[in-house]
Amino acid sequence: MNKNELSCPMKNSAQPELLLDYVARRLDAARAAALEDHAASCECCQQFMADQALLWQELDLFEPAAISPKFDQSVYARLAADDRSPWWVRTWRKLFAAGEPGAWRPAMALSAACAVVLTAGLIQLPGSMPWRHTAIHGSAAVEQAVAPVADARDVELAEKALEDLEMLQVVSGGKL
Amino acid sequence: MPEPPKHFLTDGVQTDMAVAVALEPDAQLMFRVRAGDTACFAQLLERHRNPVIHFLYRMVQNQAVAEELAQEVFLRVYRSRESYEPTAKFTTWLYRIATHLALNYLRDHRRERADRSMDIETDDGPARQLTDRLPNIEQDLVRQARLNEVRLAIERLPDKQRAAVLMHKYQELEYSMIAQALKCSESAVKSLLFRAYETLRVRLAHMA
């Protein structure tokens, strides 16, 4: 192959953009000429270039709409409102909505770490999660297991109350 | 325009300003904004307003939303003046913010878009005077139909492919800049573009 001869861009994965760049008129004169030389004898590239050129023309139809004359005014109004916002709002925005997309990630990681520490601390504290007890007592299986114990305690309390009553009768000489 | 706080005028800024002299004009303007020169922000707005709005308009295909998002882009640029570092070209950074906002918008309004694309002719496009249309009303109708086909074909592209095509075709950004804006490699961008153009060629083949 000649030194200046171009390998087919459709077959050479190292420079697939060459044909796109040619149609977009982004190739320098030397490379464009080399590509044209190659395309003259390559039906595959010719077809691609013709199809892409047609698409390029069609895409030109998509013109932008007219911009509102009040656009700049709206931007400056938002900047002024932003500067008037409280310091904590500005700090929050700096952390979570800075110019660089993804700038919130360190803040997000910090928040997640804090949440994990807080949750761990909460779990470790005794009596810090009363709902756990409620949940245990609320389950039917546990209630069934606990029921006989509760009944025995009720009987014991009733017996004690009767004993107390008898004691009172003794103390008051049988007059209640 | 709000007055910049005095604490912007620091020695650090002076040092950065010296660095910025060797940089592209936009980065120099950004450093002056950081130093409190609000007129420079107006210059940045003037230079980049139209391309950013046009890009966003083609992304979301709604002029009011595009302008709203563009306001947010410039607001973020202004808010970031203190932490701005010219690690990439200013334009790349700007399109990175714009793309991020547009992709978020598209993700959050996917359902509405599906409904809207059923009735794309009702959407706002470039305004045309009735008097302009009278002589060639048939041609204009054909043109409008073709435009709707193009808009629909672009709208149906996956969001990232759409962003890549718009930055390549209309904003004429280099592959490296598109790659930075989309946070992917240059080869990934080329692959995205190849697939996107192929899809568009197939979808619009009947118009040839």
| field | Accessible area buried at the B-A interface, both sides summed, 1.4 Å probe (Å², nearest 100) | value | 4800 Å²
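Compute the FRET efficiency between B:HIS206 and A:ALA81 as 1/(1 + (r/R0)^6), taking r as their Cβ-Cβ distance and R0 = 51 Å, and round to the nearest 0.05. Working shown, then result.
Values: r = 49 Å, r/R0 = 0.96.
Working from the Cβ atoms, E equals 0.55.
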| Once amide H atoms are placed 1.01 Å from N in the peptide plane, what residues at a sequence separation of 5 or more from B:SER80, or on another chain, have their amide H within under 5 Å of its amide H? | A:GLY99
| request: Holding the Cα-Cα limit at 23 Å, pick out from A:LYS70/B:LYS160; B:LYS89/B:LYS183; A:LYS11/B:LYS190; A:LYS11/B:LYS183; A:LYS70/B:LYS183; A:LYS70/B:LYS169 the pairs that are longer than that. | output: A:LYS70/B:LYS160; A:LYS11/B:LYS183; A:LYS70/B:LYS183; A:LYS70/B:LYS169
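Roughly speaking, what % of Cα-Cα pairs in segment A:18-59 are separated by over 15 Å, rounded to a whole number?
Working: 315 of 861 pairs.
In whole percent, the share of Cα-Cα pairs in segment A:18-59 beyond 15 Å is 37.
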| query | Each residue of segment B:161-170 in turn: what ³J(HN,Hα) in whole Hz from Karplus with 6.51, -1.76, 1.60 and θ = phi - 60°, glycine and Pro shown as x? | reply | 5, 4, 4, 5, 4, 5, 5, 6, 6, 9
| request: Assuming a ≥ b ≥ c are the square roots of the Cα gyration tensor eigenvalues, decide whether segment B:131-208 counts as rounded (a/c under 1.5), prolate (otherwise, with a/b larger than b/c) or oblate. | output: prolate
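Averaged across A:51-59, how many Cβ atoms of other chains sit within 10 Å of each residue's Cβ atom? Mind showing how you got there, number by number?
Numbers: counts 7, 4, 0, 5, 13, 2, 2, 10, 11.
Average per residue, whole number: 6.
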| task | Return the sequence-ordered ³J(HN,Hα) values of segment A:65-72 in whole Hz as given by the Karplus equation 6.51 cos²θ - 1.76 cosθ + 1.60 applied to θ = phi - 60°, using x for Gly and Pro. | result | 7, 5, 8, 4, x, 8, 4, 4
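The values are calculated or read from the model by the stated rules, or taken from the named source; none is laboratory data. Remember, predicted model here, so these are calculated numbers, not experimental data. For neighbour counting, all protein chains shown are included, and Cβ atoms are generated from backbone atoms with ideal geometry for every residue, glycine included. All accessible areas refer to the heavy atoms of the entire protein, side chains included, with ligands and DNA or RNA removed. Shrake-Rupley method; radii C 1.70, N 1.55, O 1.52, S 1.80 Å.
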